[in-house]
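Below you'll find the structure, written out as structure tokens, and then a few comments.
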Amino acid sequence: MKRRDFLKTSALGAAGIGMLGLPLPAAAAQSITLTILHTNDQHSRIDPLPTDGRKYGGMGGMARRATLIEQIRQQQPNVLLLDAGDIWQGTPYFNFFNGELEYKLMSEMKYDAATLGNHDFDLGLEGLQRQLPHASFPFVSANYDFSKTILQNQFAPYKVFEKQGIRIGVFGLGIELAGLVGKNNYGDTVYLDPVATAREVVQELRGQQQCNLVICLSHLGYKYEDGKIDDVTLAQQVEGIDLILGGHTHTFLEQPEVFRHAYGHETLVNQVGWSGIFLGRLDYSFNKKTKEKTGLRTAVLAIEKPVTTS
């Protein structure tokens, strides 16, 4: 499979080690690698984009992505596959199958978790409820209160995964629905302040859940100029999040943006465009004994037509 890989390196803290390549065997014996793969704003793009002269024409496609993900899983023992929302809406597949196909294909790819975007309410709460059984993966949502709706108790605020002794907490944040989604579509869903909510969840994940890595699946949007809450603001105001995987603004970042807090903690923000054209990848390394982060290698993998040779 042909891929245009944008490889970048990031130091983690004052004592961080940038992983310029694969670790030496001696170092590998003392470390654990965790691979995070992520998408956002898939918008029902099942097939590759048409090759009609448009930008990114011929790129994307769920079958190609599935092949690439499987290749990575064969190479790496500890993989998490995550999505930051807006799975639905954008092609006739959604109009015909009402989101069932998207959930089934993501389940086939073995997504580990996703969060809700505004377009995931396009069929109303009833439509979302109807399609949830087709998703074998959980949706995490911390700042939507569904307690007065038919989706009560359907979504946990976070999920904790464990990979080779490394505990990873993944929680979700959604954008304010009022003014963006019709009231009839979200009903009595209550929007909670993302910053205050994130602080509470991070405290629980770091404390009670003893997570070594905290990831936020955000559909707030990357950055706004009008003071609206976004991923940049979240990264700056909430310490303790290691990685914010964003959506909504269809922003393509060649490498994660790093925000350093006063006490030395770093929060990374990443987003990989839209329509499944790119697959984000972050390879964290951890000290096997202390479970502390020691390095990071990042890449953006372009989903393209495989190269054939005669």
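What the table below lists for this structure:
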item: Hey, ARG54 basic (Lys, Arg) and either within 22 Å of GLY246 (Cα to Cα) or touching a residue at least 40 places away in the same chain (Cβ under 8 Å) (or both) or not; result: no
item: Condition check for GLN89: in contact with a Ser or Thr (Cβ under 7 Å, 6 or more places away or on another chain), surrounded by fewer than 23 Cβ atoms within 10 Å (Cβ to Cβ) and not in a helix (DSSP H, G or I); result: yes
item: Members of segment 113-126 that are among the small types (Gly, Ala, Ser) and within 12 Å of TYR103 (Cβ to Cβ); result: ALA114
item: Scan of segment 71-105 for residues that are touching a helix residue (DSSP H, G or I) at 6+ places or on another chain (Cβ under 6 Å) and either without any contact (Cβ under 8 Å) to a residue 12 or more places away in the chain or closer than 24 Å to ILE32 by Cβ (or both), ordered by number; result: VAL79
item: Qualifying residue in segment 232-254 (condition: in contact with a strand residue (DSSP E or B) (Cβ under 9 Å, 6 or more places away or on another chain), surrounded by fewer than 22 Cβ atoms within 10 Å (Cβ to Cβ), in a strand (DSSP E or B) and among the charged types (D, E, K, R)); result: no
item: Number of positions in segment 255-269 that are buried (at least 16 other Cβ atoms within 10 Å of the Cβ) and either touching a His at 6+ places or on another chain (Cβ under 7 Å) or among the β-branched types (Val, Ile, Thr) (or both); result: 2
item: Number of the condition not met by LEU49 [criteria: (1) over 30 Å from ALA178 (Cα atoms); (2) more than 19 Å from the chain's Cα centre (by Cα); (3) free of Cβ contacts under 8 Å to residues at least 12 places away in the same chain]; result: (3)
item: Residue match in segment 21-33 (condition: under 20 Å from ILE166 (Cβ atoms), assigned to a strand (DSSP E or B), modelled with pLDDT of 90 or more and among the β-branched types (Val, Ile, Thr)); result: yes
item: Residues satisfying the stated conditions in segment 176-190, i.e. within 18 Å of THR249 (Cβ to Cβ), of a type outside the set (D, E, K, R) and surrounded by 12 or more Cβ atoms within 10 Å (Cβ to Cβ); result: LEU177, LEU180, VAL181
item: Residue satisfying all of: in segment 39-64; β-branched (Val, Ile, Thr) and assigned to a loop (DSSP other than H, G, I, E, B); surrounded by the fewest Cβ atoms within 10 Å (Cβ to Cβ) among these; result: THR51
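The values are calculated or read from the model by the stated rules, or taken from the named source; none is laboratory data. Model, not experiment: these values are computed from the prediction. All Cβ positions, glycine included, derive from the backbone under ideal geometry; neighbour counts span all protein chains shown.
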